Amino acid sequence: MASSGLKGSISQEARALVPSTQNNLHPSSQFQSSPFLSARGNMLCGLQGPVQEGATDYNKDKYDEDKNPDGIISLDISENKLCFDLMSKRLTQSDMHDIEPPLLQYPDWKGHMFVREEVACFLTYYCKAPAPLNAENVVVVNGCGSLFSALASVLCDPGDAVLIATPFYGGIKQSIFLYSNVKMVYVHLDSKISDTTSRPFQLTVPKLETALLKAKSEGTIVKALFLINPQNPLGDIYSLTEMKEFLEFAKRHELHVVVDEIYMLSVCEDSEMFRSILSIEQLPDPMRTHVMWGISKDFAVSGIRFGTLYSQNQDVCKGMASLCYLHGVCGTTQYKMAQLLRDRDWIDQVFLRANHARLREAKAYLVEELEALGVPFLNRSAGLYLWIDFRKYLQTSTFEEEVKLWRRFLDNKVFLLYGKTFECCEPGWFRIIFADKIHRLQLGMQRIRKVLEAIEGEMAAKGRSQLDQAEPDGKADSIYISSHQA
């Protein structure tokens, strides 16, 4: 009887672990249930989708300039691949290699005090805090994914929900659901603009109010608001005025606010300025305001798992400390990170100057290519990516067609992420990473161009005029290029 489980689809018991709302992960109907696993184990194994399948294909056939030039180019993962030379040189200098006995022993699970002090000084300086930040309010864990997971457990009960605007970085869903069974209430944003003062995918307090009211009317308990600033995948930077409005909204409804500022130093355009909420003189509700930052994006070292939380609420910090037992950072890594963060001259004069220049160059190339193709996109200043509008290449405006287009890119050996993975409510938007070497970007764009030109030919052969029709609503913003700008 046990072997029959291997032939059946995922069990009803396992499916019952996943809330039946559209706001959460769902087990694949193709997964074959295993008798060796718990219901939760089967559910975890079954949480697969097209992106995971694409990742499997990519890992089997990665592009390598010498060994596999026909392999798959990855423009999907938000990694900065432009600064290996700078980081490898700095991380191998002699001051990185001192080892004292405490580094090889159990630390305070929130992090060694020396590294928390350096994090506090670093954030005070780069977030332009009005007063020195307190190391006692710092918690260090192995990456911001772990922070999301631990915060969900500390702030919410199983079945509770957090409020978040879409599109957003989809890894948050998995982080808060897998251990804590916390749901998400989506504030769906779209590309339509109503007047000259609005922008596509703009988050406003009325939209937050509407989503929260609807969730409450359905019996959902919402405990927190999650904000990503700078935003992923849009590249938007919320102004300090907007952030204060969001914080006041949360205070009115007694919601915690978790602000992910992991891209705060990845703003490559001089015309834009990021302002951290840690720069606010008086937070509306300091006991319910928590700020995340990590080194993976801003320092181009996503393989080093080092995420930080700053919270004035010591109850939250104590709760996090218990979970840090599972998510700690090894002592030698903490030492290296402290050395890195205190070296402000190198950060300012060497790394940030070079990193921003390289990001600008790579982004300029991708912008030029998209303009030549006549493909609209959001031209924002932050992050490692562009949010690109491929809607006119869909046969019909459905998410099924979006996945078909994504598969055509993958079949042509270029791996992107499509809008549904970010819970975008409009089919046809894609995120493309530009923080890569120019020769890889060139090859990736050649392959993308080949797919788009093939689709144009197919539409023309069928007598379709879709590509010549008026574009969808919401294209009055100068962020769009080509025919949209006209």
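What ranking of Trp346, Trp429 comes out by heavy-atom accessible area, probe 1.4 Å, highest first?
Values: Trp346 35, Trp429 0 Å².
These residues rank, largest area first, as Trp346, Trp429.
How much length is gained if the chain between Lys251 and Asp285 is pulled fully straight, taking 0.36 nm per residue apart and subtracting their Cα-Cα distance, in nm to one decimal? Mind showing how you got there, number by number?
Details: separation 34, 0.36 × 34 = 12.24 nm, distance 0.60 nm.
In short, 11.6 nm is gained.
How big is the accessible area of Lys244 in square angstrom, nearest 10, if you roll a 1.4 angstrom probe over the protein chains?
Looks like 100 Å² after rounding.
Please identify which residues in the range 306-321 have an amide N closer than 20 Å to a label point set 7 Å out from the Cα of Leu178, following the Cα→Cβ vector.
Only 306-309, 320-321 pass the distance filter.
Please give the solvent-accessible surface of Glu369 in Å², to the nearest 10, using a probe radius of 1.4 Å with every protein chain present.
40
Can you tally the net charge around Leu133? Count Lys and Arg as +1, Asp and Glu as -1, for every other residue whose Cβ sits under 14 Å from the Cβ of Leu133. Kindly include the intermediate steps, with their values, before the conclusion.
Details: positive: Arg116, Lys128; negative: Glu117, Glu118, Glu136, Glu261, Glu281.
Its environment carries a net charge of -3.
Can you pull the percent of the range 76-231's accessible area that's carbon plus sulfur, 1.4 Å probe, other chains left in place? Mind showing how you got there, number by number?
Values: 3790 of 6710 Å².
Answer for the range 76-231: carbon and sulfur cover 56 percent of the accessible area.
At Leu373 and Ala357, where each label point lies 7 Å from the Cα along Cα→Cβ, what is the point-to-point distance in nanometres?
Placing both labels 7 Å beyond Cα along the Cβ direction yields 2.9 nm.
Kindly state, to the nearest 0.05, the FRET efficiency for Phe399 paired with Gln32, given R0 = 22 Å and r defined as their beta-carbon distance.
On the way: r = 25 Å, r/R0 = 1.15.
So, using R0 = 22 Å, E works out to roughly 0.30.
Between the range 170-231 and the range 66-131, how far is it from one alpha carbon centroid to the other, in angstrom?
Comparing the Cα centres of the range 170-231 and the range 66-131, I get a distance of 30 Å.
Could you sort out which of Lys183/Lys318; Lys183/Lys437; Lys60/Lys404 sit more than 31 Å apart by Cα distance in this structure? Walk me through the numbers before you get to the answer.
Numbers: Lys183/Lys318 23 Å; Lys183/Lys437 38 Å; Lys60/Lys404 21 Å.
Over 31 Å apart, Cα to Cα: Lys183/Lys437.
Could you rank the peptides 438-447, 376-385, 334-343 by their average count of other C-beta atoms within 10 Å per residue, with the highest value first?
Details: 438-447: 17.1, 376-385: 23.9, 334-343: 20.8.
Taking the mean over residues of other Cβ atoms within 10 Å, the ranking is 376-385, 334-343, 438-447.
With the dipole of the chain worked out from charges on the C-beta (+1 for Lys and Arg, -1 for Asp and Glu) around the Cα centre, which of Phe177, Met243, Thr92 lies farthest toward the positive end?
Of the options given, the answer is Phe177.
For the range 283-380, what ratio Rg/Rh do Cα atoms give with a Kirkwood hydrodynamic radius?
Numbers: Rg = 18.8 Å, Rh = 17.0 Å.
Ratio value, two decimals: 1.11.
Express in nm, to one decimal, how much length is gained between Ile77 and Arg344 on full extension, taking 0.36 nm for each residue of separation and deducting their alpha carbon distance. Write out the running numbers ahead of the final one.
Values: separation 267, 0.36 × 267 = 96.12 nm, distance 2.81 nm.
Gain on extension, Ile77 to Arg344, equals 93.3 nm.
Go ahead and estimate [θ] at 222 nm for the chain from helices alone: -39,500 (n - 2.57) per DSSP H run with n ≥ 4, summed, over the residue count, rounded to 500.
Working: 16 runs with 181 residues, N = 486.
Computed mean residue ellipticity for the chain: -11500 deg cm²/dmol.
So for Glu371, Glu100, what's the accessible-area order with a 1.4 Å probe, most first? Display every interim value, and only then the final one.
Numbers: Glu371 90, Glu100 110 Å².
Most to least solvent-accessible, the answer reads Glu100, Glu371.
Counting only heavy atoms of the protein chains, get the accessible area per residue of the chain (1.4 Å probe) and round it to a whole Å² value. Mind dumping the intermediate values first?
Working: 21340 Å² over 486 residues.
The answer is 44 Å² per residue.
Once volume of the Cα convex hull per residue in Å³ is worked out from the coordinates, which option in (i) 151; (ii) 249; (iii) 172 does it equal?
Entry (iii).
The values are calculated or read from the model by the stated rules, or taken from the named source; none is laboratory data. Quick caveat: nothing in here was measured; it's all calculated off a predicted structure. Backbone-built Cβ (ideal geometry, glycine too); neighbour counts: all protein chains shown. Just so you know, the surface numbers come from the protein's heavy atoms only, side chains and all, with ligands and any DNA or RNA stripped out. Shrake-Rupley method; radii C 1.70, N 1.55, O 1.52, S 1.80 Å.
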